[in-house]
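Visitor: Below is one structure. I have some questions about it.
The values are calculated or read from the model by the stated rules, or taken from the named source; none is laboratory data. All of these numbers come straight from a predicted model, not from anything done at the bench. Heads up, the Cβs are rebuilt from the backbone with ideal geometry, glycines too, and the neighbour counts pull from every protein chain shown. The protein model used for the area step is the full one, side chains on, heavy atoms only, and it has no ligands, DNA or RNA in it. Shrake-Rupley method; radii C 1.70, N 1.55, O 1.52, S 1.80 Å.
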Protein chains: 2
Amino acid sequence: MKKPMKRIKLIVAYDGTNYAGWQKQQNANTIQAELESVCYKYFKQKVRVDGSGRTDTGVHADGQVAVFHVSTDIGIEKIPYLFNSSLPKDIVVKKAGPVSERFHPTLDVKEKIYEYTILNAKLRDVRLARYAYFVYRDLQIEEMIEASKHFLGEHDFKAFCSADNQTKTTIRTISNIEFKIKKTREGKVIRIRVSGTGFLHNMVRIIIGTLIEIGYGKKTAENIVEAFATGRRGYAGFTAPAHGLCLKKVQY
Amino acid sequence: MKKPMKRIKLIVAYDGTNYAGWQKQQNANTIQAELESVCYKYFKQKVRVDGSGRTDTGVHADGQVAVFHVSTDIGIEKIPYLFNSSLPKDIVVKKAGPVSERFHPTLDVKEKIYEYTILNAKLRDVRLARYAYFVYRDLQIEEMIEASKHFLGEHDFKAFCSADNQTKTTIRTISNIEFKIKKTREGKVIRIRVSGTGFLHNMVRIIIGTLIEIGYGKKTAENIVEAFATGRRGYAGFTAPAHGLCLKKVQY
């Protein structure tokens, strides 16, 4: 008897340090390839696993969404254990559930939430080395918070994406930017959450780089306004490194 | 003019994942070798850096103590920054201070505090993968806490060390064992702190392995008593894996 076709949605967490990002490519470990290879192992079918979007080399995820079609009679409640017993320790399937045939992991996204972590201290922290961007110089956090408000709403983010961006339009909407600051013995851990309907390539990391340069006093909020007005990459800040970034949640 | 000889004590933290332990050896990365190579770079002298004791492959430290002699006029307050600008990101010198000529990092130890981390949950946590031993089966924590009291005080820990132990005596004293339990969405993080004047090879890991087997219901507190009485390794539990262990503090 033919096994029923199912469309399954996974919530996936990963430590991106040892991966060349989400998307499958030759001669590199990627999250997508790891998930597809587990599918092949258990279902004996070549299955394409689609993500809510790519994450770059070194970027982490707590709540990436991945979807695939498979012909199986295995109960969906068993899927996380099945995957987790074969996946490398730095990838975990947190949840699995059924979705309709029409569910599209990229096109149906309502909101994505990213979090960027900065360790602003005089000493590195070995346990945060893979997850936080270490900034030695004191950051003026109040200035950063004030400036971040300029990003809210709909803007042309042409100045805030990498040169290889290939989307038709560079207009995007940011719904929220939230700072969480935790004092530690050696300094501060600053977590910046950026929520929006969609993001251009490197957009979150350039927004964060701009805010960091504002925190240094090297740039001002005025530069954000100029960057929007001119679309020139030079007005925006540097691209903050990948390892501070984590895809927290994708909402549909 | 000849530069003054100084004896310098460092507090060192490291993520042991990528190292073959503390002690220098051929064809392997070790913490001692990394520190000595930084000394050579800055002081142009072959310096031996002595630790409070070895840590095994994969074991972490928050407060390892390391000592060396060097002829230099560099101010001691600059030492952490000097080291940290050259060390790999998974090793950090947290503090540096002068010690007397007679200070001995091994023989003068009054107490060492180790912490072992267990993630007792149905799902792995990618961010804890390097720092916590993942236990899927439910642990009876109350039983573990009760049983742990048997380890307190002076005992012959012959049954609780690896076969390669070469110390003259296997009598050691444990002054404290403390459990900290943190509930998370997916389960519990259990941190067990073990304090004592000194430890045999693998002693903390075998104590923890024994407690975990008691948590499973596979062993009982009675087995600890038998292990002490007979000195037989078989009465004790397995050697809990290295990556859950961290040398928290060394007191002099």
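Visitor: Can you say whether A:E77 is within 14 Å of another protein chain (Cβ to nearest Cβ), more than 30 Å from B:K78 (Cα to Cα) and at pLDDT below 95, as far as the supplied structure shows?
Guide: yes
Visitor: Please work out if A:S100 is assigned to a loop (DSSP other than H, G, I, E, B) and hydroxyl-bearing (S, T, Y).
Guide: Taking the combined requirement at face value, the residue satisfies it.
Visitor: Still on this structure: Going through region A:208-223 one residue at a time, which ones are touching a Ser or Thr at 6+ places or on another chain (Cβ under 8 Å), crowded, with 22+ Cβ neighbours inside 10 Å and in a helix (DSSP H, G or I)?
Guide: Across region A:208-223, the qualifying residues are A:L211, A:I214.
Visitor: Do any residues in region A:155-178 that are without any contact (Cβ under 8 Å) to a residue 24 or more places away in the chain and in a strand (DSSP E or B) have Cβ atoms under 6 Å from those of residues that are basic (K, R) and surrounded by 14 or more Cβ atoms within 10 Å (Cβ to Cβ), where the two are at least six apart or on different chains, and which pairs are they?
Guide: From residues that are without any contact (Cβ under 8 Å) to a residue 24 or more places away in the chain and in a strand (DSSP E or B), the pairs are A:E178/A:R193.
Visitor: Right, another one. Could you please tell me which pairs satisfy a Cβ distance under 6 Å, a separation of 6+ or placement on different chains, a first residue in region B:186-200 that is within 14 Å of chain A (Cβ to nearest Cβ), and a second residue that is of a type outside the set (S, T, Y)?
Guide: Once the first residue is within 14 Å of chain A (Cβ to nearest Cβ) and sits in region B:186-200, its partners that are of a type outside the set (S, T, Y) give B:E186/B:A121; B:E186/B:L123; B:G187/B:N120; B:G187/B:A121; B:V189/B:L119; B:V189/B:K182; B:R191/B:E115; B:R191/B:K180.
Visitor: Just give me the residues in region B:95-129 being within 25 Å of B:P80 (Cα to Cα), within 14 Å of chain A (Cβ to nearest Cβ) and open to solvent by 50 Å² or more (accessible area, probe 1.4 Å), in sequence order.
Guide: B:K95
Visitor: Can you tell me which residues in region B:28-60 are among the charged types (D, E, K, R) and within 23 Å of the chain's Cα centre (by Cα)?
Guide: Answer for region B:28-60, where residues must be among the charged types (D, E, K, R) and within 23 Å of the chain's Cα centre (by Cα): B:E34, B:E36, B:R48, B:D50, B:R54, B:D56.
Visitor: For region A:186-207, what are the residues that are in contact with a strand residue (DSSP E or B) (Cβ under 9 Å, 6 or more places away or on another chain), open to solvent by 30 Å² or more (accessible area, probe 1.4 Å) and of a type outside the set (D, E)?
Guide: A:K188, A:R191, A:R193, A:T197, A:F199, A:R205
Visitor: Considering each of B:K182, B:K94 in turn, give the residue that is farther than 30 Å from A:A61 by Cβ, at pLDDT 95 or above and either in contact with a strand residue (DSSP E or B) (Cβ under 6 Å, 6 or more places away or on another chain) or part of a loop (DSSP other than H, G, I, E, B) (or both).
Guide: Selected residue: B:K94, the only one of B:K182, B:K94 that is farther than 30 Å from A:A61 by Cβ, at pLDDT 95 or above and either in contact with a strand residue (DSSP E or B) (Cβ under 6 Å, 6 or more places away or on another chain) or part of a loop (DSSP other than H, G, I, E, B) (or both).
Visitor: Got at least one residue in region B:148-166 being touching a strand residue (DSSP E or B) at 6+ places or on another chain (Cβ under 8 Å) and among the hydroxyl-bearing types (S, T, Y)?
Guide: Checking region B:148-166: at least one residue is touching a strand residue (DSSP E or B) at 6+ places or on another chain (Cβ under 8 Å) and among the hydroxyl-bearing types (S, T, Y).
Visitor: Here's a check for you: in region A:7-33, which residue that is more than 18 Å from A:L82 (Cβ to Cβ) and of a type in the set (V, I, T) is least open to solvent (accessible area, probe 1.4 Å)?
Guide: Taking the candidates together, the pick is A:T30.
Visitor: Being in contact (Cβ under 8 Å) with a residue 40 or more places away in the chain and in contact with a His (Cβ under 8 Å, 6 or more places away or on another chain) narrows it down to one residue among B:T17, B:T106; which is it?
Guide: Answer to the check: B:T17.
Visitor: Of everything in region B:135-154 that's crowded, with 19+ Cβ neighbours inside 10 Å and closer than 30 Å to A:K248 by Cβ, which residue is nearest to the other protein chains (Cβ to nearest Cβ)?
Guide: Among them, the one singled out is B:V135.
Visitor: Can you name the residue in region B:34-81 that is farther than 20 Å from B:F103 by Cα and in contact with a Gly (Cβ under 9 Å, 6 or more places away or on another chain) and is also surrounded by the fewest Cβ atoms within 10 Å (Cβ to Cβ) among such residues?
Guide: Across region B:34-81, the extreme among qualifying residues is B:T57.
Visitor: Let me ask you something else. Only residues that are polar (S, T, N, Q) and either in a helix (DSSP H, G or I) or under 16 Å from A:V126 (Cα atoms) (or both): list them for region B:24-69, please.
Guide: B:T30, B:Q32, B:S37, B:Q64
Visitor: Look at region B:197-210 and say how many of its residues are at pLDDT 95 or above and farther than 15 Å from B:C161 by Cα.
Guide: So the answer is 0.
Visitor: Based on what the data block shows, is A:T230 more than 26 Å from A:A121 (Cα to Cα), surrounded by fewer than 23 Cβ atoms within 10 Å (Cβ to Cβ), of a type in the set (S, T, N, Q) and free of Cβ contacts under 8 Å to residues at least 40 places away in the same chain?
Guide: No.
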